[in-house]
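The values are calculated or read from the model by the stated rules, or taken from the named source; none is laboratory data. Keep in mind it's a predicted model, so treat the numbers as computed, not measured. In this analysis, Cβ positions are derived from the backbone assuming ideal geometry, glycine residues included, and neighbour counts consider all displayed protein chains. Calculation scope for accessible area: heavy atoms of the full protein, side chains included, ligands and nucleic acids excluded. Shrake-Rupley method; radii C 1.70, N 1.55, O 1.52, S 1.80 Å.
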Amino acid sequence: MKKTITFAIISSLFVACNSKSDSHDGHNHEADTVKGEVTKAIQQMDSTHAEHNKTLAENDAPAVKTNYDEILNDYFNLKNALVKDESKAAADAGSVILTTLKKFDNAKSNKEIAEIFESINENAEHIKDNNGKIDHQREHFAMISKDMIDLIAIAGTSKKLYQDFCPMFNDNKGAPWLSEIKEIKNPFYGSEMITCGSVKKVY
Amino acid sequence: MKKTLILIFILGIIIQFYQPARNITVEKTEKGFLKEYSNPKNVRSILKTSCFDCHSNNTEYPWYSYFQPTRFIMERHIKAGKENLNFDEWETYSERKKQNKIKSIIESVKKEEMPMSSYNFIHRNAVLSEFDKKKLIDFLKSISI
C-alpha cells in the first residue's frame, strides 16, 4: 500500500516535471525516467525500512532506556531475606539475580552499564556462594546496593523507591540501600537493629 | 594389602607425569597494582610475600611443586585466586571493580580469611602479624572511596 502511494506520488511528480522541459520526447521517455526513479525510490524505501526496523529492534532490546525493574525485584527479594536474617534465602536470591542478568545481554553496548552489570554479577555470585555466612553476604549486599543505585540513576525506574541509609555499617562509614517500602527494615543488621536507618531519597 | 600398596605406588608414579603449565610470566616488570599506587615499602613486601603466589601472574614455586598431587592442589588455588583477584591485572579493572576488590581485601584480611590457613601453614613468612594487617588495611582504606 505504502509503495503504491509512493509510486503514485513520485510518478505524478516526474510527469509534471518532465512535461515542462522535455515535451518532444514525450511519453516513453517519461515512462522510463519514472520507472527508473520509482525503482530507485522503492529501493531507498526498502533500505530506510531496514534501517528503521534495525533502530526499532535496538530500542526494543534492552538499552540505556531499558526497564531494569526485573533486577530490582530480585534485589528486593535479596534485601528482604537479609532483613529476616535468612542466609539461605539470600543465597537463593543471589542465584536468581545471576539468571536475570543474563537476559540483558545488550547491556554490553553501554560501557557504564556493562561495568555495573559486571559488578552486580560478581557480588551476586559471592552472595550465592556464601550460604551460612550472612556477614559476608551483607558486605556484598552493600556493594550490590551501590550498583543498583547507580543503575537506576542512569536508567530510571517505574517503581516507587526509597533510598535508605544505615549509618553504622562498614565501620560507621555507612551504607545505602534501596527499598520498595517506606518503613525502615535494615538488611545490614536484620533483627539485631531492624529499625536503624533513615530515608535519604524518594524516587 | 601388598597388592594395594603396589597399586598406589604405581598410581603415584603415573600422576607425576601430569605437570600443568606454571603460573610464570616472562616479563617480570612491576605492573598493575604495584605500579598504580605508590605503596609504602612494607605494603609492597607484604603483598609479594603473602598474596602474590595466588593473586598475580607469577608464582614462586617451591621444590615440592614438582610432585603430585601437591602441584594439582596448588594450581587449583592459584587458578581460583587469580580469578577472584589478580594484582597484575589491576589496570584492567574498572573503577567500580577496583573499589569492590579493595573492600573485599580489607574484609578478608580483617577476618583472617586471607592468606589461607593452608598456605600459612607451609609459608610461615606469609603469616600476617597484627602490625602487617594494620599497615595493609590502612593503606587500602587510603585508596578507597
(Q) Given the criteria within 13 Å of another protein chain (Cβ to nearest Cβ) and of a type in the set (D, E, K, R), does A:Glu86 qualify? (A) no
Q | Residue in the range B:71-91 that is crowded, with 18+ Cβ neighbours inside 10 Å, out of contact with any His (no Cβ under 9 Å at 6 or more places or on another chain) and assigned to a loop (DSSP other than H, G, I, E, B) present | A | no
Q. Within the range A:155-179, how many residues turn out to be within 16 Å of A:Phe141 (Cα to Cα) and charged (D, E, K, R)?
A. 3
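Among the listed residues A:Asn80, A:Asn130, A:Asn73, which satisfies the condition of being within 13 Å of chain B (Cβ to nearest Cβ) and not charged (D, E, K, R)? Let's see the steps before the verdict.
Numbers: A:Asn80 fails: within 13 Å of chain B (Cβ to nearest Cβ); A:Asn73 fails: within 13 Å of chain B (Cβ to nearest Cβ).
A:Asn130 is the lone residue from the list that is within 13 Å of chain B (Cβ to nearest Cβ) and not charged (D, E, K, R).
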Q) Going through the range B:85-108 one residue at a time, which ones are more than 13 Å from the chain's Cα centre (by Cα) and either hydrophobic (A, V, I, L, M, F, W, C) or at positive phi (or both)? A) B:Trp90, B:Ile102, B:Ile106
Q. Within the set of pairs 6+ apart or on separate chains, which have a first residue in the range B:85-111 that is more than 10 Å from chain A (Cβ to nearest Cβ), a second that is part of a helix (DSSP H, G or I) and among the basic types (Lys, Arg), and C-beta atoms under 6 Å apart?
A. B:Leu85/B:Lys101; B:Val109/B:Lys133
(Q) Go through the range B:33-79 and report how many residues are of a type in the set (Gly, Ala, Ser), closer than 22 Å to B:Lys133 by Cα and under 15 Å from the mean Cα position of the chain (by Cα). (A) 3
Q | Tally of residues being under 30 Å from B:Phe17 (Cβ atoms) and either open to solvent by 30 Å² or more (accessible area, probe 1.4 Å) or free of Cβ contacts under 8 Å to residues at least 12 places away in the same chain (or both) across the range B:40-53 | A | 0
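Give me a count of the residues in the range B:1-27 that are of a type in the set (S, T, N, Q) and either over 30 Å from B:Phe87 (Cα atoms) or more than 28 Å from the chain's Cα centre (by Cα) (or both). Lay out the reasoning, then the answer.
So in the range B:1-27, the residues of a type in the set (S, T, N, Q) come out as B:4, B:16, B:19, B:23, B:25.
Cutting the leftovers down to either over 30 Å from B:Phe87 (Cα atoms) or more than 28 Å from the chain's Cα centre (by Cα) (or both) gives us B:4, B:16.
Matching residues across the range B:1-27 total 2.
Taking the range A:133-144 on its own, how many of its residues are in contact (Cβ under 8 Å) with a residue 60 or more places away in the chain and either open to solvent by 10 Å² or more (accessible area, probe 1.4 Å) or more than 11 Å from chain B (Cβ to nearest Cβ) (or both)?
Initially, the range A:133-144 is screened for residues in contact (Cβ under 8 Å) with a residue 60 or more places away in the chain, giving A:141, A:144.
Imposing the further condition that a residue be either open to solvent by 10 Å² or more (accessible area, probe 1.4 Å) or more than 11 Å from chain B (Cβ to nearest Cβ) (or both) reduces the set to A:141.
Counting residues in the range A:133-144 that are in contact (Cβ under 8 Å) with a residue 60 or more places away in the chain and either open to solvent by 10 Å² or more (accessible area, probe 1.4 Å) or more than 11 Å from chain B (Cβ to nearest Cβ) (or both) gives 1.
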Q: Answer yes if at least one residue in the range B:33-44 is assigned to a helix (DSSP H, G or I), at pLDDT 90 or above and within 25 Å of B:Arg124 (Cα to Cα), and no otherwise.
A: yes
Q: Confirm whether B:Ser118 is touching a helix residue (DSSP H, G or I) at 6+ places or on another chain (Cβ under 9 Å) and not acidic (Asp, Glu).
A: yes
Q. Within the range B:55-70, how many residues turn out to be at pLDDT below 95, open to solvent by less than 40 Å² (accessible area, probe 1.4 Å) and assigned to a helix (DSSP H, G or I)?
A. 1
Q) Within the range A:110-120, is even one residue more than 11 Å from chain B (Cβ to nearest Cβ) and either modelled with pLDDT under 95 or surrounded by fewer than 21 Cβ atoms within 10 Å (Cβ to Cβ) (or both)? A) yes
